[in-house]
1. Give the residue, chosen from Asp79, Asp64, that is part of a strand (DSSP E or B), open to solvent by 70 Å² or more (accessible area, probe 1.4 Å), under 27 Å from Asp147 (Cα atoms) and not β-branched (Val, Ile, Thr).
2. What's the number of the condition Glu115 fails, among (1) assigned to a strand (DSSP E or B); (2) open to solvent by 50 Å² or more (accessible area, probe 1.4 Å); (3) closer than 22 Å to Gln44 by Cβ?
3. For region 21-59, name all the residues that are over 15 Å from Val69 (Cα atoms), in contact (Cβ under 8 Å) with a residue 24 or more places away in the chain and among the aromatic types (Phe, Trp, Tyr).
4. Please determine whether any residue of region 24-33 is of a type in the set (Ser, Thr, Tyr), under 30 Å from Lys156 (Cα atoms) and surrounded by 13 or more Cβ atoms within 10 Å (Cβ to Cβ).
5. Kindly provide the set of residues from region 1-23 that are open to solvent by 40 Å² or more (accessible area, probe 1.4 Å), at pLDDT below 85 and in a loop (DSSP other than H, G, I, E, B), ordered by number.
6. Which of (1) under 22 Å from Gln44 (Cβ atoms); (2) open to solvent by less than 50 Å² (accessible area, probe 1.4 Å) does Ile158 not meet, given it meets every other one?
7. Mind listing whichever residues of region 24-57 are under 13 Å from the mean Cα position of the chain (by Cα), assigned to a loop (DSSP other than H, G, I, E, B) and small (Gly, Ala, Ser)?
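The values are calculated or read from the model by the stated rules, or taken from the named source; none is laboratory data. Bear in mind that the values here come from a model prediction, so they are computed numbers and not experimental data. Reconstructed Cβ throughout: ideal geometry from the backbone, glycine too, with neighbour counts over all protein chains shown. Note: accessible area is taken over every heavy atom of the protein model, side chains too, but ligands, DNA and RNA are not part of it. Shrake-Rupley method; radii C 1.70, N 1.55, O 1.52, S 1.80 Å.
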Amino acid sequence: MNALATTNAAALNLIRNAFGKLVFTNAQGEVHEGVVPVRAFPIQSPEDGISLVNLDGQEVAWIDLLADVAQPTQALIRDALAMREFMPVIESIVSVTSFSTPCTWAVETDRGNTEFVLRGDEDIRRIGTEGCLLIADVHGIQYLVRDQFALNANSKRILDRFL
């Protein structure tokens with residue numbers, strides 16, 4: 001990380017312009033239009049380590065803790081992250097068409113009920129050590145299970161057959 005990327009989170013100068021793009025101005029007065037916030041650790045530490053990346057994919061600022069960023073800048077970053085990231089959180093597994101793959105899963109997520117096709121057992125990955133799982137469907141959409149041990153009994157029974 002170079003000196004330009006060091007950013008005081010409380011004094012972060014970030015606005016959304018009339019075209020809807022995020023514009024970051026660093027301490028030297030350099031303006032970076034169209035920056036995109038990117039989480040360094042989206043699953044395990046989503047609030048820690050946010051990078052602002054320019055259109056060339058270069059990091060122009062680093063934010064250690066999103067909570068340290070003053071409002072309304074923090075809200076701008078959260079909105080941009082929400083638009084960029086699409087990862088439904090599975091709240092329960094309703095049913096599966098088979099316990100062998102490929103099979104279709106019917107799930108309830110934080111974004112509503114849906115179905116997806118699981119291609120193979122290897123598309124279920126453990127993330128961290130606290131029961132977090134990432135499940136990829138045949139289209140590459142990632143579904144998050146925040147804590148497999150907190151799911152209801154039916155969901156756990158189904159999930160155990162695939163783990």
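1. After ruling out the rest, the residue left standing is Asp64.
2. (3)
3. None - no residue of region 21-59 is over 15 Å from Val69 (Cα atoms), in contact (Cβ under 8 Å) with a residue 24 or more places away in the chain and among the aromatic types (Phe, Trp, Tyr), so the list stays empty.
4. First pass over region 24-33, keeping only residues of a type in the set (Ser, Thr, Tyr): 25.
Next, only the ones that are under 30 Å from Lys156 (Cα atoms) stay: none.
No, the conditions are met nowhere in region 24-33.
5. Met1, Asn2, Asn8
6. Condition not satisfied by Ile158: (1).
7. Ala40, Ser45
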